[in-house]
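One structure is given below, encoded as structure tokens.
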Amino acid sequence: MNWDRIEGNWKQLKGKAKQQWGKLTDDQLDVIAGSRDQLAGKIQEEYGITKDEAEKQLEDFENRYRNWKPKS
């Protein structure tokens with residue numbers, strides 16, 4: 001799955017992001033709206049980690065939901 005697909009299905013995947021990064025609020029996730037750069041920045045900010053670590057977590061998230069399909 002590429003990030004465009006995640007962004008396009010953000011409403012459905014927002015809950016998965018919330019599970020992984022529980023410190024992020026629903027409001028923050030709504031504003032992020034699937035933007036990879038914004039999500040990386042918020043992860044860095046809320047968890048006090050480096051940009052490289054945030055990118056690694058995003059890659060793991062992307063790989064985990066590679067075959068995910070939205071419910072019809």
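The values are calculated or read from the model by the stated rules, or taken from the named source; none is laboratory data. What you see is a predicted model, and the numbers here were worked out from it, not measured in a lab. Neighbour counts run over all protein chains shown; Cβ positions are idealised from the backbone, glycine included. The accessibility values were calculated without ligands, DNA or RNA, using every heavy atom of the protein model including side chains. Shrake-Rupley method; radii C 1.70, N 1.55, O 1.52, S 1.80 Å.
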Would you kindly find the accessible area of Arg5, with a 1.4 Å probe and non-protein molecules such as ligands, DNA and RNA excluded, rounding to the nearest 10 Å²?
90
With a 1.4 Å probe and all protein chains left in place, how much accessible area per residue does the chain have, in Å²?
64
Among Trp68, Ile43, Trp21, whose Cα sits farthest toward the positive end of the charge dipole of the chain (+1 at Cβ of Lys/Arg, -1 at Cβ of Asp/Glu, about the Cα centre)?
Trp68
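Stretch Glu7-Asp60 to full length: gain in nm at 0.36 nm per residue minus the Cα-Cα span?
17.5 nm
Divide by every residue of the chain the summed helix terms, -39500 (n - 2.57) for each DSSP H run of at least 4, and state the resulting mean residue ellipticity at 222 nm, rounded to the nearest 500 deg cm²/dmol.
Helices in the chain give a 222 nm mean residue ellipticity of -20500 deg cm²/dmol.
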